[in-house]
1. Report the net charge of residues surrounding D166, where surrounding means a beta-carbon distance below 15 angstrom and charges are Lys +1, Arg +1, Asp -1, Glu -1.
2. Suppose the chain between T305 and S44 were pulled fully straight at 0.36 nm per residue; how much longer would it get relative to their current alpha carbon spacing?
3. Amide H of H137 versus every other amide H placed in the peptide plane: which residues, excluding those fewer than 5 positions away on the same chain, fall under 5 Å?
4. Dipole of the stretch 1-78, Cα-centred, from +1 at each Lys and Arg C-beta and -1 at each Asp and Glu C-beta, to the nearest 20 debye?
5. Say the dipole of the stretch 146-231 comes from +1 at the beta carbon of Lys and Arg and -1 at that of Asp and Glu; which of A205, H225, H195 then lies farthest toward its positive end?
6. Pull up all non-local amide H partners of Y22: gap of 5 or more, or a different chain, and H-to-H distance under 5 Å with H placed in the peptide plane.
7. Any lysines with Cα under 25 Å of the K250 Cα? List them, leaving off those in the same chain fewer than 8 positions away.
8. Heads up, I need the accessible area for M302: 1.4 angstrom probe, whole protein in place, Å², nearest 10.
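The values are calculated or read from the model by the stated rules, or taken from the named source; none is laboratory data. Since we're looking at a predicted model, the values are computed, not measured. Here the Cβ positions follow ideal geometry from the backbone for every residue, glycine too, while neighbour counts run over all protein chains shown. All accessible areas refer to the heavy atoms of the entire protein, side chains included, with ligands and DNA or RNA removed. Shrake-Rupley method; radii C 1.70, N 1.55, O 1.52, S 1.80 Å.
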Amino acid sequence: MDAFPKCSVCQEQFTLKGSTPYLLPCLHTVCETCVTSAAGGIISCSTCQREVNLTDTTLHKDGVRQKEICHLTAKYRPTELLCTHEDDGNQAVCWCQECEYCQNWHDSFKATRRHVVVTLTDTIPRRMYAESVCKLHNRYPLEYFDKNCNSLLCAECKLGEHADHDVADLNVAAGAAKGRIEEHEKNVSAYRISHQAYLESISKAINDTKKTSRDMKQAIRHTFHSLRTQLDQRERELTIDLENLENQKKQELSNLHSEQVTSDDESERYKCTSDYIETVLRYASNWDFLTLESSIQDATEMYLTSLPTDSYDAPATTFNTSGLDKLKSDISEFGSISANGSDQDNGTQTDGSGSHLTDAESKQEGVSTLL
């Protein structure tokens, strides 16, 4: 059930006999029910939060999704596929790429006995659909693409009213469009990798910030254990200062979490776009490649312009314990709390890795603390 695509507005799964899927400019799919019932003619995509005004945007049926749904139905819900022969009506078990009739019908007529018929369980997604035929010239196959008219032609059409147009072989034109779409897919995939690295840098910054806070607490605890007799009062004062700084850090962590959530949403949108492109490359016909190329290019370029330029790094912090001897005679001014190591001394530092004072009488010149 989870394999079936869902509407990007109502989140209902598409089914073979359900609401028809339509393609939004952001390459997400919406069901016909949501399109016809859109309040004020505005469709809001819940996947990427992009709004589409239906008064100035024409949505087209998503043929690729329809083919995907048909293939998934054959794979997971075969009982919903019935024989298309008008006199049958039983569950379909075979597929003919040429005329789509059942095995019994093929065996009944000499003209169709040699058609290639395969079982539905053996079908390959793109091969389930035969190329279209011309409706004007006795069902001649559509073998050409008219770049001027943006339409498919048969040999008769090519020699007729389209004779002066820029016409290319259908397979060549579709192959070129597919190649360009594959390049878009590579660009989106590369961007996803880059964005994932950025997201990981945010996670690392969050973890480093938390770890630094833990390490600094431990360093302060060890330092004041050695000085407990003389520094109990000052320890309480510095602990208050530290708590104030940690309150500031909480806001910083909150901002980082917000950025992480936003980046997670961005990654999901890029994944949806990449997944749709992969679906196009898997299910689309030649006509689909040609009609979808522009939309895929627009969506890809929109995502590629929003890549963060830098990774996020947590600010450096240290805990310094130099100046201990001086501090013994000036206990009331002992220690300070600050961020980014701006008040570091050049003497001994404690970085939370296990190094700390073990004797209140150790020969140090003073103690200052930074967090």
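1. Values: positive: K147, K158; negative: D146, E161, D164, D169.
Summing Lys and Arg as +1 and Asp and Glu as -1 gives -2.
2. Working: separation 261, 0.36 × 261 = 93.96 nm, distance 2.19 nm.
Using 0.36 nm per residue and subtracting the Cα-Cα distance, I get 91.8 nm.
3. none
4. Its charge dipole is roughly 320 debye.
5. H225
6. V30, C31, E32, D62
7. K204, K210, K211, K217
8. Result for M302: roughly 80 Å² accessible.
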